[in-house]
Amino acid sequence: MYTPMFQMHTSVWPSEVKSNQEYLSKDSSHQFYALPEDPRSWSREEVFVWLLSMQNQHSLPPISSDRFHMNGKALCLMNVEMFVQRVPLGGKLLYKDFQMRLSSALYSSKNLLPHHTQ
C-alpha cells in the first residue's frame, strides 16, 4: 500500500529518482510521489524522496543526499544522534518522523499476522 507524501515541482527531481518513481499525476506542472508505508522497504531513491518531502514540509535547510546514501533498512539502524550528526537543524524531527512511520508499519504488520490457536 502506498501513501501520498508530498507535491513537488518536477524540475527539482534528480534523474536517478525520476527514472524509478511511480507518479500519480494531478496536472501538468505538479506530480505526486507515493512512498511505501513500510520504511524498511524503501530504496535509496525513496529515502531521498522522504528527505525532500520533510525538507519542504518543515522548511528545513537543504539536506545533502550524500549524508543519507542508504536504504530504509539502514535508516532503521540509526539512532537520534546519527540523524542529528547528519542534519544538525532537523535531525531530531527526521528521526521522530522515521520512527513513527516504522512503528506504524510494525504495528499494522502485526495485525495482519494470523492468530495461532492452542
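Once the 1.4 Å probe is applied to the protein heavy atoms, the stretch 39-83 comes out at 52 Å² accessible per residue. Charged neighbours of residue 83, selected by a Cβ distance under 13 Å, balance to +2 (K, R count +1; D, E count -1). Listed values for the stretch 99-105 are Karplus-derived 3J(HN,Hα) couplings in whole Hz (6.51 cos²θ - 1.76 cosθ + 1.60, θ = phi - 60°), namely 5, 5, 5, 5, 4, 4, 5, and x replaces Gly and Pro. Electrostatic bookkeeping for residue 54 treats Lys and Arg as +1 and Asp and Glu as -1; over the other residues with beta carbon under 14 Å from its beta carbon, the sum is +3.
The values are calculated or read from the model by the stated rules, or taken from the named source; none is laboratory data. Since the model is a prediction, treat every value here as computed from it, not as a measurement. Neighbour counts are summed over all protein chains in view; Cβ atoms, including those assigned to glycine, are modelled from backbone coordinates with ideal geometry. We work out accessible area using only protein heavy atoms, side chains counted, and drop any ligands, DNA or RNA first. Shrake-Rupley method; radii C 1.70, N 1.55, O 1.52, S 1.80 Å.
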